[in-house]
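Heads up, the thing below is written out as structure tokens.
The values are calculated or read from the model by the stated rules, or taken from the named source; none is laboratory data. Given the structure is predicted, the values throughout are model-derived calculations rather than measurements. Please note: Cβ atoms are built from the backbone with ideal geometry, for glycine as well, and neighbour counts cover all protein chains shown. For accessibility, only protein heavy atoms count, side chains too; no ligands or nucleic acids. Shrake-Rupley method; radii C 1.70, N 1.55, O 1.52, S 1.80 Å.
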Amino acid sequence: MNTSRYLYFSLPVSALMSTKLITFERSEYVEDVIRKMSRYRYRSYPIVFEEQLCGYLEAGKMLYPPTKNMILVDHNEFSQSVKNIEKASVLEVIDHHRIHDFTSTRPVYFRNETVGSTCTIVTSLFFEHNIPIPRKLAGLLLGAMISDTLNFQSPTTTQKDIDLAQRLANLAHETIDELAYDIFFSNDLSQKDINDFLQEDMKHFEITNYQVAIAQSIIPQSSLLSIQEQELKEKMEAYTKRSGIDLYVFALTSILENGTYFYISGPLAQQLQQNLDQTHFFPNILSRKKQIVPLITNWIQEAN
């Protein structure tokens, strides 16, 4: 009798469940999930993968999510890193650029050397720890060193870069000059549009409290390009308005001409325009970190 009474007063499962489930994909980032969970008051949420249930996520455990461990390579400025880098736990820094706005709540391994390429430091680490370098990896490291130092013609080049590059060339069974030719002269520039050049290698800097973006594109010779200067300026102005930066510098470095063409845009551009002549060309300027960034810094300081 009691059982039949309970059955009569009990509710069906459909009255308690909802067909509009709040679910999360297994590939979603924790930060995004926490932000979405804050809108609801459920204790747990289904985790799905390819429309199949693969687990549950408890809301209480997401109040203190685990931090990500990261190693910064070829940069140390947070403005040049991934979003929310401040929330991560930085374990190491391997870099050859200027040190700026880097902070840490605990001691980290920080290796910064005045060499032409970060791959020179990475190669050193392999040799210092007696770790064999596979042939393909040796070729990749050598290619990066050639690219960074413009085949060891950049003023940032050191004897250490040259010595380690030769050791990598022996491991990769490559000839340095032949590989350099393939890197710099085998690309079909006609297949690239202006946007490809403008964002090919862009880095953001804070220079005397101004936000500056410097994009550098390395080409064999400027005569091989068919870029219209007016269209280039329009694209640059659109980017500065969209990103809210103070200055956008596009450096077009020509290997055969041994120099760089400069184009600038943004609120600061008018004050700095006097530094550019009609050709916009600066001979013997090749390195962004050792020549271009200091040059732009001097222009801004003189203008203010």
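Got a sec to turn the phi values of segment 166-173 into Karplus ³J(HN,Hα) couplings, 6.51 cos²θ - 1.76 cosθ + 1.60 with θ = phi - 60°, whole Hz, x for Gly and Pro?
Using θ = phi - 60°, the values come out as 5, 5, 5, 4, 5, 5, 8, 6 Hz.
Note the full-extension length gain between Glu51 and Val30 as 0.36 nm times their separation in residues minus their Cα-Cα distance, in nm to one decimal.
Full-extension gain reported as 5.6 nm.
Give me the one-decimal nm value for the distance between modelled label points at Gln274 and Lys61, 7 Å along each residue's Cα-to-Cβ direction.
6.4 nm
Taking the Cα centre of the chain as origin and charging only Cβ (+1 Lys, Arg; -1 Asp, Glu), how large is the dipole, in debye to the nearest 20? Don't skip to the end; give the middle numbers.
Numbers: 28 positive and 36 negative charges, 375 e Å.
The calculation lands at about 1800 debye.
Under 5 Å between amide H atoms, partner at least 5 residues away or on a different chain: which partners does Gly116 have, H built in plane at 1.01 Å?
Answer set, sorted by chain and number: Thr158, Asp161.
Please say if segment 14-102 is rounded, prolate or oblate, where rounded means a/c under 1.5 for a ≥ b ≥ c the square roots of the C-alpha gyration tensor eigenvalues, and otherwise the choice is prolate for a/b larger than b/c and oblate otherwise?
prolate
Going through the cross-link list Lys36/Lys233; Lys83/Lys289; Lys36/Lys68, which pairs have a Cα-Cα distance over 31 Å in this structure? Before the final figure, lay out the partial values.
Details: Lys36/Lys233 40 Å; Lys83/Lys289 23 Å; Lys36/Lys68 20 Å.
Among Lys36/Lys233; Lys83/Lys289; Lys36/Lys68, the Cα-Cα distance tops 31 Å for Lys36/Lys233.
Report, ordered by chain and residue number, the aspartates and glutamates lying within cross-link reach of Lys87, taken as a straight Cα distance under 12 Å and ignoring same-chain residues fewer than 8 apart.
Answer for Lys87, where 12 Å is the Cα cut-off: Glu31, listed by chain and number.
Ranked highest first by average number of other Cβ atoms within 10 Å, how do 78-91, 261-274 line up?
261-274, 78-91
Kindly state, to the nearest 0.05, the FRET efficiency for Asp163 paired with Asn130, given R0 = 22 Å and r defined as their beta-carbon distance. Spell out each step's value before the answer.
Working: r = 18 Å, r/R0 = 0.80.
Once the sixth-power term is evaluated, E becomes 0.80.
Accessible area per residue of the chain at 1.4 Å probe, in Å²?
62 Å²
Suppose each label sits 7 Å from its Cα in the direction of the beta carbon; what would the Gln153-Thr3 distance come out to in nanometres?
9.2 nm
Using a 1.4 angstrom probe on heavy atoms only, work out the carbon and sulfur share of the accessible area of the chain in %.
Carbon plus sulfur share of accessible area: 51 percent.
Suppose only helical runs count, i.e. DSSP H with n ≥ 4. What mean residue ellipticity at 222 nm does that imply for the chain under -39500 (n - 2.57) per run, divided by all residues and rounded to the nearest 500 deg cm²/dmol? Show your work: numbers first, answer last.
Details: 11 runs with 105 residues, N = 304.
Taken over the chain, the calculation gives -10000 deg cm²/dmol.
Using alpha carbons only, how many angstrom separate the centre of segment 1-66 from the centre of segment 226-274?
Measuring centre to centre over Cα atoms gives 51 Å.
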